[in-house]
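The values are calculated or read from the model by the stated rules, or taken from the named source; none is laboratory data. None of the values given here were measured: they were computed from a predicted structure. Neighbour counts run over all protein chains shown; Cβ positions are idealised from the backbone, glycine included. Ligands, DNA and RNA are excluded from the accessible area calculation, which covers all protein heavy atoms including side chains. Shrake-Rupley method; radii C 1.70, N 1.55, O 1.52, S 1.80 Å.
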Amino acid sequence: MADLHNDELRSKPVEQPGGVQPQAEPPSLSPAKSIPPLHAASPALSGAPENVDAPDVGDTAEFADGEFVHPADMADHLENLSLEKQVSTLSRMSKEDAAEALAELDENMAVDVLENLDDDVAAQIIAEMSPDDAADVLDELDEDHRDALLEKLDREDSEELRSLLNFDPDSAGGVMNTELILLEKNFTADEAIAHIRSEMADKESPYYAYVVDAQQVLVGVLSLRDLMLARPGTFVGDAVAGQSVVSVTYDTDEREVASLLSHYNFLAMPVVDNEGHILGVVTYDDIMDIMHEEASADMLGMVGADPEESVDTPWLESVCKRLPWLFVNMINSALSASVVYMFEGSIAQMAVLAVLMPMVANQAGNTGQQALAVMIRQLATDRFDHKKAWMAVVREGKIGIVTGMAMALVAFFAAWWFTGMAVVGGVMGGALLCDMLLGAVAGGSIPLIFRALGRDPAQASSIFLTTITDGAGFFIFLGLASLFIL
(Lines give C-alpha, C1' and ligand atoms only; values in the text may rest on other atoms or scores of the structure.)
Protein backbone atom coordinates (compact mmCIF):
# COMPACT_ATOMS: atom_id res chain seq x y z
CA MET A 1 0.00 0.00 0.00
CA ALA A 2 2.94 2.31 0.65
CA ASP A 3 3.42 2.98 -3.04
CA LEU A 4 -0.18 3.78 -3.83
CA HIS A 5 0.32 7.47 -3.14
CA ASN A 6 2.95 8.03 -5.81
CA ASP A 7 1.69 5.41 -8.28
CA GLU A 8 -1.79 6.89 -8.40
CA LEU A 9 -0.58 10.46 -8.58
CA ARG A 10 1.73 9.76 -11.48
CA SER A 11 -0.71 7.60 -13.39
CA LYS A 12 -3.41 10.27 -13.62
CA PRO A 13 -3.79 13.90 -12.63
CA VAL A 14 -5.54 14.44 -9.32
CA GLU A 15 -7.34 17.68 -8.67
CA GLN A 16 -6.83 19.45 -5.38
CA PRO A 17 -9.49 18.54 -2.82
CA GLY A 18 -12.37 20.96 -2.95
CA GLY A 19 -12.92 23.45 -0.21
CA VAL A 20 -9.52 23.12 1.43
CA GLN A 21 -7.86 26.32 0.25
CA PRO A 22 -8.95 28.93 2.84
CA GLN A 23 -7.80 32.53 2.81
CA ALA A 24 -6.99 32.85 6.50
CA GLU A 25 -3.34 33.12 7.48
CA PRO A 26 -1.86 30.23 9.48
CA PRO A 27 -0.23 30.60 12.87
CA SER A 28 3.43 31.53 12.59
CA LEU A 29 4.99 28.21 11.67
CA SER A 30 7.89 27.93 9.29
CA PRO A 31 8.02 25.30 6.55
CA ALA A 32 8.72 21.88 7.93
CA LYS A 33 12.38 21.72 6.97
CA SER A 34 13.24 24.70 9.12
CA ILE A 35 11.57 23.21 12.19
CA PRO A 36 14.03 21.25 14.33
CA PRO A 37 12.43 18.01 15.48
CA LEU A 38 12.01 17.11 19.10
CA HIS A 39 14.37 14.50 20.45
CA ALA A 40 13.79 11.10 18.85
CA ALA A 41 11.71 8.56 20.68
CA SER A 42 12.91 5.02 21.00
CA PRO A 43 11.00 2.52 18.85
CA ALA A 44 11.26 -0.11 21.56
CA LEU A 45 10.10 0.01 25.12
CA SER A 46 11.98 -1.83 27.79
CA GLY A 47 10.04 -3.96 30.16
CA ALA A 48 10.51 -2.75 33.71
CA PRO A 49 11.19 0.80 34.92
CA GLU A 50 14.80 1.56 35.68
CA ASN A 51 15.97 1.39 39.30
CA VAL A 52 12.54 0.71 40.70
CA ASP A 53 12.51 0.54 44.46
CA ALA A 54 11.16 -2.56 46.17
CA PRO A 55 7.64 -1.20 46.83
CA ASP A 56 7.09 -0.60 43.11
CA VAL A 57 8.49 -3.83 41.75
CA GLY A 58 5.07 -5.43 41.69
CA ASP A 59 3.78 -2.72 39.38
CA THR A 60 5.82 -4.04 36.48
CA ALA A 61 6.52 -7.57 37.65
CA GLU A 62 4.63 -9.09 34.74
CA PHE A 63 7.31 -7.78 32.37
CA ALA A 64 10.65 -9.57 32.52
CA ASP A 65 13.83 -7.51 32.59
CA GLY A 66 15.03 -6.74 29.08
CA GLU A 67 11.79 -7.98 27.52
CA PHE A 68 10.40 -5.88 24.66
CA VAL A 69 7.07 -4.34 25.64
CA HIS A 70 5.04 -2.39 23.14
CA PRO A 71 4.14 1.13 24.34
CA ALA A 72 0.42 0.35 23.97
CA ASP A 73 0.80 -2.68 26.24
CA MET A 74 2.69 -0.66 28.82
CA ALA A 75 -0.03 2.00 28.67
CA ASP A 76 -2.69 -0.65 29.27
CA HIS A 77 -0.72 -1.83 32.30
CA LEU A 78 -0.32 1.71 33.63
CA GLU A 79 -4.05 2.40 33.30
CA ASN A 80 -4.70 -0.39 35.81
CA LEU A 81 -2.51 1.28 38.42
CA SER A 82 -3.40 4.04 40.83
CA LEU A 83 -2.38 7.59 39.90
CA GLU A 84 0.36 7.54 42.52
CA LYS A 85 1.88 4.36 41.08
CA GLN A 86 1.53 5.66 37.53
CA VAL A 87 3.54 8.74 38.44
CA SER A 88 6.13 6.67 40.32
CA THR A 89 6.51 4.17 37.48
CA LEU A 90 6.85 6.75 34.71
CA SER A 91 9.34 8.82 36.67
CA ARG A 92 11.63 5.76 37.00
CA MET A 93 11.43 4.67 33.37
CA SER A 94 13.83 5.95 30.76
CA LYS A 95 12.48 9.21 29.35
CA GLU A 96 12.13 7.76 25.84
CA ASP A 97 10.10 4.80 27.09
CA ALA A 98 8.01 7.02 29.35
CA ALA A 99 7.26 9.35 26.44
CA GLU A 100 6.03 6.49 24.26
CA ALA A 101 3.88 5.05 27.05
CA LEU A 102 2.43 8.48 27.90
CA ALA A 103 1.45 9.03 24.27
CA GLU A 104 -0.59 5.80 24.35
CA LEU A 105 -2.42 6.62 27.59
CA ASP A 106 -6.00 7.85 27.65
CA GLU A 107 -5.90 11.63 27.21
CA ASN A 108 -7.51 12.46 30.56
CA MET A 109 -5.24 10.03 32.35
CA ALA A 110 -2.14 11.42 30.62
CA VAL A 111 -3.07 14.91 31.77
CA ASP A 112 -3.54 13.72 35.37
CA VAL A 113 -0.12 12.05 35.28
CA LEU A 114 1.61 15.15 33.89
CA GLU A 115 -0.03 17.36 36.50
CA ASN A 116 1.35 15.16 39.27
CA LEU A 117 4.83 14.59 37.87
CA ASP A 118 7.71 16.79 38.91
CA ASP A 119 7.93 19.61 36.35
CA ASP A 120 11.52 18.80 35.43
CA VAL A 121 10.68 15.13 34.82
CA ALA A 122 7.51 16.03 32.92
CA ALA A 123 9.45 18.42 30.67
CA GLN A 124 12.05 15.76 29.91
CA ILE A 125 9.33 13.28 28.93
CA ILE A 126 7.56 15.85 26.74
CA ALA A 127 10.85 16.60 24.97
CA GLU A 128 11.08 12.94 23.94
CA MET A 129 7.54 12.78 22.55
CA SER A 130 6.71 13.35 18.89
CA PRO A 131 5.56 16.96 18.39
CA ASP A 132 1.92 16.12 17.58
CA ASP A 133 1.53 13.87 20.64
CA ALA A 134 3.22 16.40 22.91
CA ALA A 135 0.99 19.22 21.62
CA ASP A 136 -2.15 17.12 22.17
CA VAL A 137 -1.30 16.51 25.81
CA LEU A 138 -0.11 20.05 26.51
CA ASP A 139 -3.29 21.47 25.01
CA GLU A 140 -5.32 19.83 27.79
CA LEU A 141 -3.25 21.36 30.61
CA ASP A 142 -4.16 24.67 32.22
CA GLU A 143 -2.29 27.58 30.68
CA ASP A 144 -0.01 28.33 33.63
CA HIS A 145 1.18 24.74 33.96
CA ARG A 146 1.64 24.45 30.19
CA ASP A 147 3.76 27.59 30.09
CA ALA A 148 5.85 26.36 33.02
CA LEU A 149 6.65 23.11 31.22
CA LEU A 150 7.40 24.84 27.91
CA GLU A 151 9.84 27.15 29.70
CA LYS A 152 11.85 24.11 30.79
CA LEU A 153 12.27 22.81 27.24
CA ASP A 154 15.00 23.75 24.81
CA ARG A 155 14.18 26.96 22.98
CA GLU A 156 13.72 25.22 19.62
CA ASP A 157 11.44 22.54 21.07
CA SER A 158 9.44 25.12 22.99
CA GLU A 159 8.93 27.34 19.95
CA GLU A 160 7.84 24.39 17.82
CA LEU A 161 5.27 23.24 20.35
CA ARG A 162 3.96 26.78 20.88
CA SER A 163 3.47 27.04 17.11
CA LEU A 164 1.56 23.76 16.99
CA LEU A 165 -0.61 24.80 19.93
CA ASN A 166 -1.73 27.86 17.95
CA PHE A 167 -3.55 25.64 15.47
CA ASP A 168 -7.14 24.57 15.99
CA PRO A 169 -6.85 21.13 17.68
CA ASP A 170 -9.58 19.78 15.37
CA SER A 171 -7.82 20.91 12.20
CA ALA A 172 -5.09 19.36 10.06
CA GLY A 173 -2.57 21.68 11.69
CA GLY A 174 -3.66 20.52 15.11
CA VAL A 175 -3.05 16.83 14.38
CA MET A 176 -0.11 17.00 11.99
CA ASN A 177 3.37 15.70 12.74
CA THR A 178 6.26 17.95 11.82
CA GLU A 179 8.79 15.09 11.80
CA LEU A 180 8.96 14.32 8.10
CA ILE A 181 11.66 13.82 5.50
CA LEU A 182 12.09 16.52 2.86
CA LEU A 183 14.10 16.07 -0.31
CA GLU A 184 15.34 18.91 -2.47
CA LYS A 185 14.27 18.36 -6.05
CA ASN A 186 17.85 18.55 -7.31
CA PHE A 187 18.86 15.52 -5.21
CA THR A 188 19.76 12.38 -7.13
CA ALA A 189 18.21 9.10 -6.01
CA ASP A 190 21.45 8.06 -4.31
CA GLU A 191 21.75 11.40 -2.51
CA ALA A 192 18.13 11.15 -1.44
CA ILE A 193 18.65 7.68 0.03
CA ALA A 194 21.76 8.84 1.88
CA HIS A 195 19.83 11.85 3.19
CA ILE A 196 17.00 9.63 4.44
CA ARG A 197 19.48 7.40 6.25
CA SER A 198 21.00 10.40 7.98
CA GLU A 199 17.58 11.75 9.00
CA MET A 200 16.03 8.48 10.16
CA ALA A 201 17.51 8.68 13.65
CA ASP A 202 15.49 11.84 14.38
CA LYS A 203 12.26 10.92 12.58
CA GLU A 204 9.42 8.48 12.97
CA SER A 205 9.38 5.70 10.38
CA PRO A 206 8.42 7.56 7.19
CA TYR A 207 5.79 6.43 4.68
CA TYR A 208 6.81 8.89 1.98
CA ALA A 209 9.50 11.42 1.18
CA TYR A 210 8.32 14.90 0.20
CA VAL A 211 10.06 16.74 -2.61
CA VAL A 212 10.32 20.52 -2.26
CA ASP A 213 11.86 23.38 -4.21
CA ALA A 214 14.23 26.02 -2.88
CA GLN A 215 11.33 27.90 -1.27
CA GLN A 216 10.09 24.79 0.57
CA VAL A 217 7.02 24.56 -1.69
CA LEU A 218 5.79 20.97 -2.03
CA VAL A 219 6.24 19.79 -5.62
CA GLY A 220 5.87 16.03 -5.33
CA VAL A 221 5.66 12.90 -3.20
CA LEU A 222 7.81 9.78 -3.48
CA SER A 223 7.13 6.45 -1.84
CA LEU A 224 10.25 4.93 -0.36
CA ARG A 225 9.77 1.89 -2.58
CA ASP A 226 9.88 4.00 -5.75
CA LEU A 227 12.91 5.84 -4.46
CA MET A 228 14.77 2.61 -3.76
CA LEU A 229 13.95 1.30 -7.27
CA ALA A 230 14.90 4.53 -9.06
CA ARG A 231 17.89 4.38 -11.41
CA PRO A 232 21.11 5.80 -9.96
CA GLY A 233 21.57 9.42 -11.00
CA THR A 234 17.84 10.07 -11.43
CA PHE A 235 16.88 13.47 -10.01
CA VAL A 236 13.97 13.25 -7.58
CA GLY A 237 12.52 16.36 -9.21
CA ASP A 238 12.29 14.47 -12.50
CA ALA A 239 10.77 11.46 -10.74
CA VAL A 240 7.84 13.56 -9.49
CA ALA A 241 7.49 15.74 -12.58
CA GLY A 242 3.87 16.04 -13.67
CA GLN A 243 2.39 15.06 -10.33
CA SER A 244 -0.73 16.85 -9.17
CA VAL A 245 -0.12 16.57 -5.46
CA VAL A 246 -3.04 15.95 -3.14
CA SER A 247 -2.58 17.94 0.05
CA VAL A 248 -4.65 19.81 2.63
CA THR A 249 -4.22 23.23 4.16
CA TYR A 250 -3.47 23.68 7.83
CA ASP A 251 -7.05 24.63 8.79
CA THR A 252 -8.85 21.78 7.00
CA ASP A 253 -11.16 20.01 9.43
CA GLU A 254 -9.70 16.76 10.71
CA ARG A 255 -12.79 14.86 9.55
CA GLU A 256 -12.22 16.11 6.02
CA VAL A 257 -8.60 14.95 6.24
CA ALA A 258 -9.76 11.51 7.40
CA SER A 259 -12.22 11.34 4.50
CA LEU A 260 -9.56 12.26 1.94
CA LEU A 261 -7.00 9.87 3.35
CA SER A 262 -9.53 7.06 3.21
CA HIS A 263 -10.71 8.05 -0.29
CA TYR A 264 -7.20 7.98 -1.78
CA ASN A 265 -5.93 5.06 0.33
CA PHE A 266 -2.90 7.08 1.42
CA LEU A 267 -0.83 6.34 4.50
CA ALA A 268 -0.12 10.02 5.10
CA MET A 269 -1.44 13.38 3.91
CA PRO A 270 0.85 16.43 3.54
CA VAL A 271 -0.26 19.67 5.18
CA VAL A 272 0.62 22.98 3.53
CA ASP A 273 0.01 26.68 4.07
CA ASN A 274 -1.82 28.94 1.62
CA GLU A 275 1.33 29.34 -0.52
CA GLY A 276 1.98 25.60 -0.72
CA HIS A 277 4.88 25.48 1.78
CA ILE A 278 4.84 22.12 3.52
CA LEU A 279 4.24 22.35 7.26
CA GLY A 280 3.83 18.73 8.30
CA VAL A 281 1.99 15.50 7.61
CA VAL A 282 -1.08 13.75 9.04
CA THR A 283 -0.37 10.04 9.33
CA TYR A 284 -2.72 7.10 9.15
CA ASP A 285 -2.42 6.22 12.85
CA ASP A 286 -3.61 9.73 13.76
CA ILE A 287 -6.55 9.34 11.39
CA MET A 288 -7.52 6.06 13.04
CA ASP A 289 -7.63 7.86 16.38
CA ILE A 290 -9.75 10.64 14.86
CA MET A 291 -12.23 8.19 13.34
CA HIS A 292 -12.52 6.35 16.65
CA GLU A 293 -13.14 9.61 18.50
CA GLU A 294 -15.74 10.74 15.95
CA ALA A 295 -17.59 7.41 16.15
CA SER A 296 -17.64 7.63 19.95
CA ALA A 297 -18.81 11.25 19.82
CA ASP A 298 -21.64 10.36 17.43
CA MET A 299 -22.77 7.49 19.63
CA LEU A 300 -22.81 9.67 22.75
CA GLY A 301 -24.38 12.63 20.97
CA MET A 302 -27.32 10.57 19.71
CA VAL A 303 -28.58 10.10 23.27
CA GLY A 304 -27.74 13.61 24.53
CA ALA A 305 -24.48 12.74 26.34
CA ASP A 306 -21.48 15.01 25.93
CA PRO A 307 -19.14 13.79 23.14
CA GLU A 308 -16.12 14.35 25.40
CA GLU A 309 -17.53 12.37 28.33
CA SER A 310 -15.91 9.15 29.50
CA VAL A 311 -15.84 7.00 32.62
CA ASP A 312 -12.95 9.16 33.82
CA THR A 313 -15.02 12.37 33.65
CA PRO A 314 -15.84 13.71 37.17
CA TRP A 315 -19.39 12.61 37.99
CA LEU A 316 -20.61 16.10 38.91
CA GLU A 317 -19.39 17.38 35.54
CA SER A 318 -21.34 14.58 33.83
CA VAL A 319 -24.46 15.54 35.77
CA CYS A 320 -24.19 19.13 34.53
CA LYS A 321 -23.71 17.98 30.94
CA ARG A 322 -26.57 15.48 30.94
CA LEU A 323 -29.27 17.43 32.79
CA PRO A 324 -30.09 19.93 29.99
CA TRP A 325 -30.91 17.17 27.52
CA LEU A 326 -32.85 15.25 30.16
CA PHE A 327 -35.02 18.34 30.67
CA VAL A 328 -35.54 18.53 26.90
CA ASN A 329 -36.49 14.86 26.90
CA MET A 330 -38.99 15.43 29.72
CA ILE A 331 -40.68 18.21 27.74
CA ASN A 332 -40.86 16.00 24.68
CA SER A 333 -42.28 13.14 26.75
CA ALA A 334 -44.92 15.50 28.12
CA LEU A 335 -46.02 16.20 24.54
CA SER A 336 -46.47 12.49 23.92
CA ALA A 337 -48.37 12.13 27.21
CA SER A 338 -50.67 14.98 26.21
CA VAL A 339 -51.62 13.07 23.06
CA VAL A 340 -52.65 10.06 25.17
CA TYR A 341 -54.63 12.37 27.48
CA MET A 342 -56.61 13.65 24.47
CA PHE A 343 -57.98 10.13 23.99
CA GLU A 344 -58.65 9.39 27.66
CA GLY A 345 -62.29 8.61 26.93
CA SER A 346 -61.45 6.16 24.15
CA ILE A 347 -59.00 4.27 26.37
CA ALA A 348 -61.58 4.14 29.17
CA GLN A 349 -64.10 2.54 26.80
CA MET A 350 -61.67 -0.05 25.45
CA ALA A 351 -58.75 -0.80 27.77
CA VAL A 352 -57.04 -3.08 25.23
CA LEU A 353 -56.01 0.05 23.32
CA ALA A 354 -53.63 0.93 26.18
CA VAL A 355 -52.06 -2.51 25.81
CA LEU A 356 -51.49 -2.25 22.07
CA MET A 357 -50.47 1.37 21.53
CA PRO A 358 -46.92 1.07 22.99
CA MET A 359 -46.19 -1.61 20.38
CA VAL A 360 -46.90 0.88 17.58
CA ALA A 361 -44.62 3.54 19.06
CA ASN A 362 -41.80 1.11 19.90
CA GLN A 363 -41.76 -0.49 16.45
CA ALA A 364 -41.71 2.88 14.72
CA GLY A 365 -38.99 4.10 17.08
CA ASN A 366 -36.79 1.14 16.19
CA THR A 367 -37.36 1.76 12.47
CA GLY A 368 -36.36 5.39 12.94
CA GLN A 369 -33.24 4.47 14.91
CA GLN A 370 -32.08 2.23 12.08
CA ALA A 371 -32.49 5.06 9.55
CA LEU A 372 -30.87 7.51 11.95
CA ALA A 373 -27.80 5.32 12.46
CA VAL A 374 -27.32 4.78 8.72
CA MET A 375 -27.61 8.51 7.96
CA ILE A 376 -25.26 9.63 10.74
CA ARG A 377 -22.68 7.07 9.68
CA GLN A 378 -22.95 8.26 6.08
CA LEU A 379 -22.54 11.90 7.09
CA ALA A 380 -19.48 10.98 9.15
CA THR A 381 -17.72 9.05 6.38
CA ASP A 382 -18.81 10.75 3.16
CA ARG A 383 -19.46 14.17 1.72
CA PHE A 384 -23.15 14.47 0.81
CA ASP A 385 -24.33 17.00 -1.74
CA HIS A 386 -27.82 18.42 -1.20
CA LYS A 387 -29.55 16.24 -3.79
CA LYS A 388 -27.89 13.00 -2.75
CA ALA A 389 -28.68 13.63 0.89
CA TRP A 390 -32.41 14.00 0.35
CA MET A 391 -32.49 11.08 -2.08
CA ALA A 392 -31.19 9.04 0.85
CA VAL A 393 -34.26 10.16 2.82
CA VAL A 394 -36.50 8.97 -0.02
CA ARG A 395 -34.66 5.64 0.11
CA GLU A 396 -35.40 5.36 3.83
CA GLY A 397 -39.05 6.12 3.08
CA LYS A 398 -39.21 3.23 0.62
CA ILE A 399 -37.67 0.93 3.21
CA GLY A 400 -40.18 2.17 5.77
CA ILE A 401 -43.12 1.41 3.49
CA VAL A 402 -42.01 -2.15 2.69
CA THR A 403 -41.00 -3.07 6.25
CA GLY A 404 -44.10 -1.32 7.55
CA MET A 405 -46.38 -3.40 5.28
CA ALA A 406 -44.69 -6.60 6.40
CA MET A 407 -45.03 -5.76 10.10
CA ALA A 408 -48.58 -4.41 9.61
CA LEU A 409 -49.62 -7.76 8.18
CA VAL A 410 -48.19 -9.59 11.19
CA ALA A 411 -49.78 -7.08 13.58
CA PHE A 412 -53.18 -7.41 11.90
CA PHE A 413 -53.43 -11.15 12.48
CA ALA A 414 -51.84 -10.96 15.95
CA ALA A 415 -54.22 -8.25 17.17
CA TRP A 416 -57.22 -10.04 15.59
CA TRP A 417 -56.26 -13.24 17.40
CA PHE A 418 -55.59 -11.42 20.68
CA THR A 419 -58.85 -9.41 20.76
CA GLY A 420 -61.11 -11.49 18.55
CA MET A 421 -61.95 -8.37 16.55
CA ALA A 422 -60.71 -7.98 12.97
CA VAL A 423 -61.29 -4.24 13.08
CA VAL A 424 -58.79 -3.91 15.94
CA GLY A 425 -56.28 -5.80 13.85
CA GLY A 426 -56.93 -3.45 10.92
CA VAL A 427 -56.44 -0.37 13.13
CA MET A 428 -53.28 -1.85 14.60
CA GLY A 429 -51.84 -2.70 11.17
CA GLY A 430 -52.73 0.66 9.64
CA ALA A 431 -51.29 2.64 12.54
CA LEU A 432 -48.10 0.56 12.49
CA LEU A 433 -47.59 1.11 8.76
CA CYS A 434 -48.08 4.89 9.03
CA ASP A 435 -45.85 5.32 12.08
CA MET A 436 -43.06 3.13 10.69
CA LEU A 437 -43.06 5.18 7.50
CA LEU A 438 -42.92 8.37 9.55
CA GLY A 439 -40.12 6.97 11.74
CA ALA A 440 -38.00 6.02 8.73
CA VAL A 441 -38.40 9.45 7.10
CA ALA A 442 -37.80 11.27 10.40
CA GLY A 443 -34.72 9.18 11.17
CA GLY A 444 -33.23 10.06 7.79
CA SER A 445 -34.22 13.75 7.95
CA ILE A 446 -33.28 14.82 11.48
CA PRO A 447 -29.47 14.62 10.97
CA LEU A 448 -29.78 16.62 7.74
CA ILE A 449 -31.89 19.28 9.45
CA PHE A 450 -29.38 19.52 12.29
CA ARG A 451 -26.53 19.89 9.81
CA ALA A 452 -28.41 22.61 7.91
CA LEU A 453 -28.80 24.49 11.22
CA GLY A 454 -25.05 24.24 11.82
CA ARG A 455 -25.39 21.68 14.61
CA ASP A 456 -23.78 18.28 15.07
CA PRO A 457 -26.04 15.86 13.12
CA ALA A 458 -25.77 13.29 15.90
CA GLN A 459 -26.50 15.65 18.77
CA ALA A 460 -29.57 14.39 20.68
CA SER A 461 -31.09 13.12 17.42
CA SER A 462 -32.48 10.09 19.25
CA ILE A 463 -34.40 12.28 21.71
CA PHE A 464 -36.24 14.18 18.98
CA LEU A 465 -36.86 11.03 16.96
CA THR A 466 -38.48 9.32 19.95
CA THR A 467 -40.76 12.32 20.47
CA ILE A 468 -41.96 12.16 16.88
CA THR A 469 -42.54 8.41 16.74
CA ASP A 470 -44.21 8.22 20.18
CA GLY A 471 -46.45 11.23 19.74
CA ALA A 472 -47.44 10.40 16.18
CA GLY A 473 -47.84 6.69 16.95
CA PHE A 474 -50.20 7.33 19.85
CA PHE A 475 -52.20 9.89 17.86
CA ILE A 476 -52.56 7.71 14.74
CA PHE A 477 -53.47 4.53 16.64
CA LEU A 478 -55.92 6.12 19.07
CA GLY A 479 -57.36 8.33 16.34
CA LEU A 480 -58.05 5.38 14.04
CA ALA A 481 -59.52 3.43 16.97
CA SER A 482 -61.87 6.29 17.85
CA LEU A 483 -62.92 6.59 14.22
CA PHE A 484 -63.51 2.94 13.35
CA ILE A 485 -64.08 1.07 16.62
CA LEU A 486 -65.75 3.32 19.19
Rounded percent of accessible protein surface that carbon and sulfur make up, the stretch 82-136, 1.4 Å probe: 36 percent
Electrostatic dipole magnitude of the stretch 322-465 [Cβ: Lys, Arg +1; Asp, Glu -1; Cα centre; debye, to 20]: 480 debye
Where the stretch 153-192 is the region considered: accessible area per residue in Å², 1.4 Å probe: 41 Å²
Solvent-accessible area, 1.4 Å probe, carbon plus sulfur percent, for the stretch 174-291: 50 percent
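Please find the FRET efficiency linking residue 108 to residue 275, where r is the Cβ-Cβ separation and R0 is fixed at 41 Å, and quote it to the nearest 0.05.
With R0 = 41 Å, the Cβ-Cβ based efficiency is 0.60.
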Dipole magnitude of the stretch 384-486, debye to nearest 20 (Cβ charges: Lys/Arg +1, Asp/Glu -1, about Cα centre): 300 debye
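Give the accessible surface of the stretch 214-295 per residue, rounded to a whole number of Å², with probe radius 1.4 Å and ligands, DNA and RNA excluded.
For the stretch 214-295, the solvent-accessible area averages 42 Å² per residue.
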Label-point separation, residue 310 to residue 253 (7 Å along Cα→Cβ), nm: 2.3 nm
Simple Cβ-charge dipole of the stretch 106-233, Lys/Arg +1 and Asp/Glu -1, about Cα centre, in debye nearest 20: 1260 debye
Distance between modelled label sites at residue 338 and residue 70, nm, 7 Å Cα→Cβ extension: 5.6 nm
Proximal lysine pairs, the stretch 84-225, alpha carbons under 25 Å, eight or more residues apart or interchain: 6
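Could you check how much of the accessible area of the stretch 392-486 is carbon and sulfur, as a whole percent, using a 1.4 Å probe?
78 percent
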Estimated inter-spin distance, residue 142 and residue 262, nm [label 7 Å along Cα→Cβ]: 3.9 nm
Per residue value of the accessible surface for the stretch 77-143 (all protein chains in place, 1.4 Å probe), Å²: 38 Å²
